[in-house]
Amino acid sequence: MDVSAVLADMEDRVIDEVVATLTQRDQGRQSPLPDGRRREVRQLFRLVLRCAHAGRAKPIIRPSEQIAAHSYAAGIDLAEVQESFTVLAEVLWRRLAGALAGEQLVRVLGLLTAITGAGKDAMARTYVALAVRDRSGERPADEPAAAAAGSGDRPESIVQADVVGRVGIITLADRDKRNAIGAEMASRVIAALQSLQARQVRAIVLRAAPGMDVWSAGHDIGELPPGQRDPLGYDDPLEELIRAVRTFPAPVVAMVHGTVWGGALDLVLSCDLAIGDETASFAITPANLGLPYNMTGLLHFQGRLPINVIKEMFFTAAPIDARKAREWLLINHLVPWDRLETFTMELAATMATKSPLAIAVIKEQLRVLSDYQPIAAQVYERVQGLRRQAYDSSDYVEGLEAFAQKRQPIFRGA
């Protein structure tokens, strides 16, 4: 069955449903008139149709950038522009699920997810580029001042949540702090997980914002205690976030473009799957700080990696590249950068078609089997005593100070 023909046949019905949904959501806020909204949705639909006919997402990128530039100049919020894409994807998902079946349905939904995701990413990149340009006061000489004015400074949320079909997307977008995970970042991701669970998504993709070359710089070092207290206690924000990911009742897939540092690697390994491209690299760096990693975190690594690999990574704190990460099974798949999003979204869309109840209970059983390892009370107390010596030491203080001063630490073993 020709998918583009199926889409073309349902064009008017899809557009009617999308416009009705958007009109209902627009109540109480200043939004385009119905005729303008219909033209906008039809334009987006035909872009999706063109991509479906081509069998790839690339044709949607340039038109999406142009739509975003016009919307930015008109002072329209990015979320409002992307909402049309989101609702269109949801409507198409439902209608295609009723028209197709089997492997064809999985393939088409994966393509649809990739197309709409590429369009929204192109819009986001355009908004960010224009906002950065405006803050710097630069604009092309032939561009009207009114178009450059747009809507002024648009602080991008440090965590963004979206839904495409039945796949939730959580984007880490704290560019200023390179997605370092502190209390605010962790609480927002946890809130996004809770929101997406309420919307009954069947898979989550956790990613960095487009254009970032650091997936996450790891634990926000500025929020670590200066000593005399366990820096990775049960109530640490990163620990809370990792528990939320591990107990989320649907697959969580880390989509990794760029570098992953320190505790962010613990987060990636706590996701159910990880997909990376050739830019991905991974390093676990507590030895650079004199920070004694906790037993829970080490258990996360032990559940995924051979003990000799864990030791090399922790003892050297050296980054490993994407090829070695695939060889050592830190990531499930290594794909080219221009296929990363399409591949990841297709994989997530495939999982979203499976039984959510079966997946939820299988994930929980695997978590219980891997998390709960018996240990004698006296052994645990001895290890905690050793950890206490480390985080009460001058080495730990030196590690934090050296990091803040951007210099190499001098550890004395005391």
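May I ask you to verify whether residue 200 is on the phi > 0 side of the Ramachandran plot and modelled with pLDDT under 95?
yes
Restricting to segment 367-414, name every residue that is of a type in the set (Lys, Arg) and at pLDDT 75 or above.
Residues satisfying the conditions are 367, 382, 406, 407, 412.
Within segment 273-298, work out how many residues are more than 22 Å from residue 334 (Cα to Cα) and open to solvent by 40 Å² or more (accessible area, probe 1.4 Å).
5
Taking helices (runs of 4 or more DSSP H) that fall entirely within segment 355-414, which contain at least 3 residues that are over 35 Å from the mean Cα position of the chain (by Cα), within 25 Å of residue 243 (Cβ to Cβ) and hydrophobic (A, V, I, L, M, F, W, C)?
So the answer is 377-391.
Go through (1) surrounded by fewer than 16 Cβ atoms within 10 Å (Cβ to Cβ); (2) at pLDDT 95 or above and name the single condition residue 215 misses.
With (1) surrounded by fewer than 16 Cβ atoms within 10 Å (Cβ to Cβ); (2) at pLDDT 95 or above applied to residue 215, the lone miss is (1).
Looking for something farther than 22 Å from residue 259 by Cβ, touching a strand residue (DSSP E or B) at 6+ places or on another chain (Cβ under 9 Å) and among the aliphatic types (A, V, I, L, M) - is there at least one such residue anywhere in segment 356-370?
Scanning segment 356-370, I find at least one residue that is farther than 22 Å from residue 259 by Cβ, touching a strand residue (DSSP E or B) at 6+ places or on another chain (Cβ under 9 Å) and among the aliphatic types (A, V, I, L, M), so the answer is yes.
Answer yes if at least one residue in segment 194-209 is in contact with a Cys (Cβ under 7 Å, 6 or more places away or on another chain) and open to solvent by less than 70 Å² (accessible area, probe 1.4 Å), and no otherwise. Quick ask: steps written out before the conclusion?
Narrowing segment 194-209 to residues in contact with a Cys (Cβ under 7 Å, 6 or more places away or on another chain): 206.
Adding the requirement that they be open to solvent by less than 70 Å² (accessible area, probe 1.4 Å) leaves 206.
Scanning segment 194-209 turns up at least one residue that is in contact with a Cys (Cβ under 7 Å, 6 or more places away or on another chain) and open to solvent by less than 70 Å² (accessible area, probe 1.4 Å).
Given the options 341, 364, name the one that is touching an Asp or Glu at 6+ places or on another chain (Cβ under 8 Å) and either under 19 Å from residue 202 (Cα atoms) or among the aromatic types (Phe, Trp, Tyr) (or both).
The conditions single out 341.
Kindly provide the set of residues from segment 376-410 that are open to solvent by 80 Å² or more (accessible area, probe 1.4 Å) and either within 13 Å of residue 286 (Cα to Cα) or aliphatic (A, V, I, L, M) (or both), ordered by number.
At the first step, the residues of segment 376-410 found to be open to solvent by 80 Å² or more (accessible area, probe 1.4 Å) are 378, 380-382, 386, 388-389, 401, 403, 405-408, 410.
Once the filter is applied, which keeps residues that are open to solvent by 80 Å² or more (accessible area, probe 1.4 Å) and either within 13 Å of residue 286 (Cα to Cα) or aliphatic (A, V, I, L, M) (or both), segment 376-410 yields 386, 403, 410.
Please go through segment 351-374 and give me each residue that is touching a residue at least 24 places away in the same chain (Cβ under 8 Å), surrounded by 11 or more Cβ atoms within 10 Å (Cβ to Cβ) and farther than 19 Å from residue 166 by Cα, ordered by number.
The answer is 364, 367, 370, 371.
What is the number of the single condition among (1) assigned to a helix (DSSP H, G or I); (2) modelled with pLDDT of 95 or more that residue 287 does not meet?
Residue 287 satisfies all of (1) assigned to a helix (DSSP H, G or I); (2) modelled with pLDDT of 95 or more except (2).
Any chance you could count how many residues in segment 222-272 are without any contact (Cβ under 8 Å) to a residue 60 or more places away in the chain, of a type in the set (D, E, K, R) and in a helix (DSSP H, G or I)?
Result for segment 222-272: 5.
Confirm whether residue 330 is in a loop (DSSP other than H, G, I, E, B), under 30 Å from residue 106 (Cα atoms) and either open to solvent by 70 Å² or more (accessible area, probe 1.4 Å) or in contact with a helix residue (DSSP H, G or I) (Cβ under 9 Å, 6 or more places away or on another chain) (or both).
Here the answer is yes, as residue 330 does meet what is asked.
Against the conditions (1) touching a Lys or Arg at 6+ places or on another chain (Cβ under 9 Å); (2) assigned to a loop (DSSP other than H, G, I, E, B); (3) open to solvent by 50 Å² or more (accessible area, probe 1.4 Å), where does residue 338 fall short? Just the number, please.
Answer for residue 338: the failing condition is (2).
From the list 322, 283, 287, 318, pick out the single residue that is farther than 20 Å from residue 167 by Cβ and touching a Pro at 6+ places or on another chain (Cβ under 6 Å).
283
Output the number of residues of segment 299-318 satisfying the condition of being assigned to a loop (DSSP other than H, G, I, E, B) and buried (at least 18 other Cβ atoms within 10 Å of the Cβ). Walk me through how you get there before you give the answer.
Keep residues of segment 299-318 that are assigned to a loop (DSSP other than H, G, I, E, B), which gives 303-306, 317-318.
Cutting the leftovers down to buried (at least 18 other Cβ atoms within 10 Å of the Cβ) gives us none.
Total satisfying the criteria: 0.
Report the residue count in segment 172-191 for those that are free of Cβ contacts under 8 Å to residues at least 40 places away in the same chain and crowded, with 23+ Cβ neighbours inside 10 Å.
1
The values are calculated or read from the model by the stated rules, or taken from the named source; none is laboratory data. What you are looking at is a predicted structure, and each value in this text was computed from that prediction instead of being measured. Because the Cβ atoms are built from the backbone with ideal geometry, glycine has one as well, and the counts that use them run over all protein chains shown. For the accessible areas, the whole protein counts, side chains as well, though only heavy atoms, and no ligand, DNA or RNA atoms are used. Shrake-Rupley method; radii C 1.70, N 1.55, O 1.52, S 1.80 Å.
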